[in-house]
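Notes to accompany the following structure.
The values are calculated or read from the model by the stated rules, or taken from the named source; none is laboratory data. As the structure is a prediction and not an experimental result, all values here were calculated from the model. Glycine gets a Cβ as well: all are built from the backbone with ideal geometry, and neighbour counts include every protein chain shown. Accessible surface is based on the protein model in full, side chains and every heavy atom, while ligands, DNA and RNA are left aside. Shrake-Rupley method; radii C 1.70, N 1.55, O 1.52, S 1.80 Å.
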Amino acid sequence: MTLTIPDYTTAYDWHPTPALTVIVYGLAGPLGSKTAVGYGRSRKTGKAIPLMRESSTKVKPWRAKVQAAIEAALLRGQAHPITGPARADITFTMPKPVNAPKRRRTYPAVTPDIDKLERSTYDAITKARAWEDDGRVIENHNRKVYPGEHPDALDQPGAIIRLYTLNGADQ
């Protein structure tokens, strides 16, 4: 049995240059894990419902940083809101653990989950109005890396966000 490396070519005709590229520094916060903090009353039914809050305290500051970076890029005219199908390529640079080997490449195959990082980032992109909704994304490629261990890795925690549009699609 031979293993083949997956081919990341696509059936879509993406514009070769990103419609939006931003670099955001900070610790990416995962969205999705919730913790019950008690009970409240539903405004509609009056029944008791569980009150939930984000488990990670990193989500709110991360979304604020992403939103501010994208709003600044839109304000400077470096990009326009995406109205058609989109592709999102995000490289999350995670802090390397202190006890990780220094002279050997290591991989951030630990929490937080990449899909939860993606969700919090997509929510911030939506709030910044770079697209109408993250439902615009029809293809994505996201990765977690440590500083200096990937060509797209930043020198400190953060993310490089690149949004692409389709050639010939309604923009």
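A few comments on the model shown:
- Taking (1) within 19 Å of HIS15 (Cα to Cα); (2) surrounded by 12 or more Cβ atoms within 10 Å (Cβ to Cβ) in turn, GLU118 satisfies each apart from (1).
- Residue pairs meeting the criteria (Cβ under 9 Å; at least 6 apart or on separate chains; first at pLDDT 85 or above, in region 96-111; second part of a loop (DSSP other than H, G, I, E, B) and among the β-branched types (Val, Ile, Thr)): LYS96/THR106; PRO97/THR106; PRO97/VAL110
- With respect to the conditions (1) more than 23 Å from THR9 (Cα to Cα); (2) in contact (Cβ under 8 Å) with a residue 60 or more places away in the chain; (3) open to solvent by less than 60 Å² (accessible area, probe 1.4 Å); (4) in contact with a strand residue (DSSP E or B) (Cβ under 8 Å, 6 or more places away or on another chain), VAL59 falls short on a single one, namely (4).
- Looking across ARG119, ARG143, ARG76, ARG162, one residue alone is basic (Lys, Arg), touching a residue at least 40 places away in the same chain (Cβ under 8 Å) and out of contact with any Ser or Thr (no Cβ under 7 Å at 6 or more places or on another chain). It is ARG119.
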